[in-house]
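The values are calculated or read from the model by the stated rules, or taken from the named source; none is laboratory data. Computed from a prediction, not measured in an experiment: that's the story for all the values here. Neighbour counts run over all protein chains shown; Cβ positions are idealised from the backbone, glycine included.
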């Protein structure tokens, strides 16, 4: 196998990690809708860390290795329309994804605050933070942008 | 040869490929989520149930979608009659089918485990589900590598 083939393999594996992380956060979003105590909220934190690692490594890997491939692979250039479209979609997805993270860090902070104050029972405020509508919309948008990148990668319009 | 064939695939393979890849990516995410949730449950019945139901309700359907998408591509243009005889397709089929069997065994064990949670049992069975999920996850990584790198 050539270096480019290894880079392509890790580019695809990065995409799997990125999508895997998005799926993980969908599960946590749905599960979190019933979490009204600090314990229920904080219990998900280690799983969320796995998701953060998957999205971080996946997003970084897809972009950096994708740029490498565009520059190195014969027949493709960085300024090809479909590659520019994919990079623009990636930037939009990353921007929306970071705003999603801000929404879902709020219940974790609140849960820690309640826990440190010795309040272990149900909290309406915590439940409302876990049920953030804005967070769901942002994660939905981020997922659709990721799906659009996948469509562009497969169809390669204009290539 | 197979790499060239994949690089110049006809446009009408794109949608089945999207179905296959998207199914595989969601299956990967579901197995990652299920295994992580089971691993970090620390005995919490609620979290053990979440891990199991993620594998069953997200992982299993997406696995089927991945498998169907793969067979859809394979059946196009008569590839069933003229099979692509290469390591990467062999790895893909091995993971989809042998891995699928392991995944279903894990789901059966986990299903029994979840039923026993009410009686404060079943945690060992769910650990077995987690272990099988990690093996399946490793298989999916190898399959994704093989599908992309296409070793002969």
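For region A:41-52, name all the residues that are within 11 Å of chain B (Cβ to nearest Cβ), in contact (Cβ under 8 Å) with a residue 12 or more places away in the chain and farther than 16 Å from residue A:93 by Cα.
A:44, A:45, A:47, A:48, A:50
Can you pull out the residues in region B:29-48 that are facing chain A (nearest Cβ under 8 Å), within 20 Å of the chain's Cα centre (by Cα) and surrounded by fewer than 24 Cβ atoms within 10 Å (Cβ to Cβ)?
The answer is none; no residue qualifies.
Against the conditions (1) surrounded by fewer than 17 Cβ atoms within 10 Å (Cβ to Cβ); (2) within 15 Å of residue A:36 (Cβ to Cβ); (3) at pLDDT 95 or above, where does residue A:120 fall short? Just the number, please.
(3)
For residue A:114, are the conditions met, namely being out of contact with any helix residue (DSSP H, G or I) (no Cβ under 9 Å at 6 or more places or on another chain) and either at pLDDT below 95 or away from chain B (no Cβ under 14 Å) (or both)?
Considered against the rule, which asks whether it is out of contact with any helix residue (DSSP H, G or I) (no Cβ under 9 Å at 6 or more places or on another chain) and either at pLDDT below 95 or away from chain B (no Cβ under 14 Å) (or both), residue A:114 comes out as no.
Can you tell me which condition residue A:94 does not meet? The list is (1) more than 24 Å from residue B:21 (Cβ to Cβ); (2) within 17 Å of the chain's Cα centre (by Cα); (3) surrounded by fewer than 20 Cβ atoms within 10 Å (Cβ to Cβ), and all the others hold.
(1)
Look through A:23, A:30 and report the one residue that is under 25 Å from residue A:128 (Cα atoms), surrounded by 18 or more Cβ atoms within 10 Å (Cβ to Cβ), within 12 Å of chain B (Cβ to nearest Cβ) and without any contact (Cβ under 8 Å) to a residue 24 or more places away in the chain.
The match here is A:23.
Hey, could you check region A:123-146 for residues that are within 12 Å of the chain's Cα centre (by Cα) and surrounded by 16 or more Cβ atoms within 10 Å (Cβ to Cβ) and say which is farthest from residue B:14 (Cα to Cα)?
A:138
Test residue A:7 against the criterion of being assigned to a helix (DSSP H, G or I), within 23 Å of residue B:21 (Cβ to Cβ) and more than 9 Å from chain B (Cβ to nearest Cβ), and give yes or no.
When the stated conditions are applied, residue A:7 passes them.
In the set A:74, A:66, which member is at pLDDT 95 or above and within 14 Å of chain B (Cβ to nearest Cβ)?
On inspection, the qualifying residue turns out to be A:66.
With respect to residue B:2, is the statement that it is at pLDDT below 85 and either farther than 27 Å from residue B:75 by Cα or under 24 Å from the mean Cα position of the chain (by Cα) (or both) true?
Spelling it out, residue B:2 is indeed at pLDDT below 85 and either farther than 27 Å from residue B:75 by Cα or under 24 Å from the mean Cα position of the chain (by Cα) (or both).
Would you point out which residue out of B:87, B:119, B:138, B:148 is without any contact (Cβ under 8 Å) to a residue 24 or more places away in the chain and farther than 23 Å from residue B:22 by Cβ?
B:119
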